[in-house]
Amino acid sequence: MRALLIISILALLVGGCAAPAFDLVSRDPESPWLTGTRWVRTESSRATVSTSFVHTLADHMVFDVEVVNQTDSTLVVDPERFSYVLSSSGHDLPARLRRSVAAASPATVVARLDKEGARVKREYGRRNEGAVLAVLAGAVVVAAIALDLINVDTIESAVTTASSLIPSQIEVTGGTEPCVAPPPVAPPPPDPDGARERYVARLLQRVALAPGASVRGDLWLPAKPVMKAIEPGASASELSVTAPSPRKLPAHQLTLRAPAELGGQEFEYSVAPDYEP
């Protein structure tokens, strides 16, 4: 019973986070192949708009966008007027995934950052509690052996199983007695508030742009439609029970659209899942 208790305590420390499941690759042959600097520029009589896909974060795609006013009058740059649409080489995306998706407002992004920061703080608190539990669990093992409360073979079996869960905390030596490794040095605490301030400072805000002036900032667009589109079986034909055999998943494209008042420029991206179809 004590061995099972030890394993249960250590199992509480096991966890992880999912990584983004896709990347966006510019279809412009002039776009350099460097993460964060894949700049694509499109000009119109009204504005020059340059975009660069940076990364996915908190269920959003983040683009670095720069707008230069090419007119003799003031232009209003509104991040919420940017949007994207998805398409598929199989031409079978569900209608709900072919709709235009508007960029998030700065207020929505700030609220999302606040929510993510709170989640990080809670997770860090749980990890700290987990480190304490790991030390206590090790102490329980040593005390149980020292007091001969339970069979050594039972303890060794329990610790061997537990060490497979957290090898850095507990390990079994070549002898008959397990040893408890010293706990790892705790990493520095996260700084979600500092990260929030940096992201907020980079947000593309609604601005009245004077002739010849430019503005640059981060544009956030919801990533969930893309995630849904690249899921195996997301397209209508793949959901059909009459499909004769599995086929290669269709390629997906994302078209980022600038507001009509800036010229309605379009930027084409291929959606590159990080798994092999």
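The values are calculated or read from the model by the stated rules, or taken from the named source; none is laboratory data. Being a predicted model, the structure only gives us computed values, none of them experimental. FYI the Cβ positions are ideal-geometry reconstructions off the backbone, even for glycines, and counts take in every protein chain you see.
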Next item on the list: Tally the residues that are surrounded by fewer than 17 Cβ atoms within 10 Å (Cβ to Cβ), within 30 Å of Val120 (Cβ to Cβ) and of a type in the set (A, V, I, L, M, F, W, C), restricting the search to the stretch 46-76.
Entry: 1
Item checked: Extreme residue, farthest from Asp64 (Cα to Cα), among residues of the stretch 173-216 that are over 21 Å from the mean Cα position of the chain (by Cα), among the aliphatic types (A, V, I, L, M) and at pLDDT below 95 -> Val180
Notebook entry, point to check: Within the set of pairs 6+ apart or on separate chains, which have a first residue in the stretch 48-73 that is closer than 16 Å to Phe267 by Cα, a second that is among the basic types (Lys, Arg) and crowded, with 16+ Cβ neighbours inside 10 Å, and C-beta atoms under 7 Å apart?
Noted result: Thr48/Arg41; Ser50/Arg41; Ser52/Arg38; Phe53/Arg38
Notebook entry, point to check: in a helix (DSSP H, G or I) and either touching a His at 6+ places or on another chain (Cβ under 6 Å) or modelled with pLDDT of 75 or more (or both), is that true of Ala118?
Noted result: yes
Check: Are there any pairs, at least 6 apart or on different chains, whose C-beta atoms fall under 7 Å, with the first in the stretch 258-269 and under 12 Å from Val49 (Cα atoms) and the second among the acidic types (Asp, Glu), and if so, which?
Finding: Pro259/Asp78
Item checked: Residue in the stretch 68-75 that is outside any strand (DSSP E or B), at pLDDT 85 or above and hydrophobic (A, V, I, L, M, F, W, C) present -> no
Checklist line | Members of the stretch 87-105 that are touching a strand residue (DSSP E or B) at 6+ places or on another chain (Cβ under 8 Å) and closer than 17 Å to Val271 by Cβ | finding: Ser87, Ser88, Ser89, Leu93, Leu97, Arg98, Arg99, Ser100, Val101
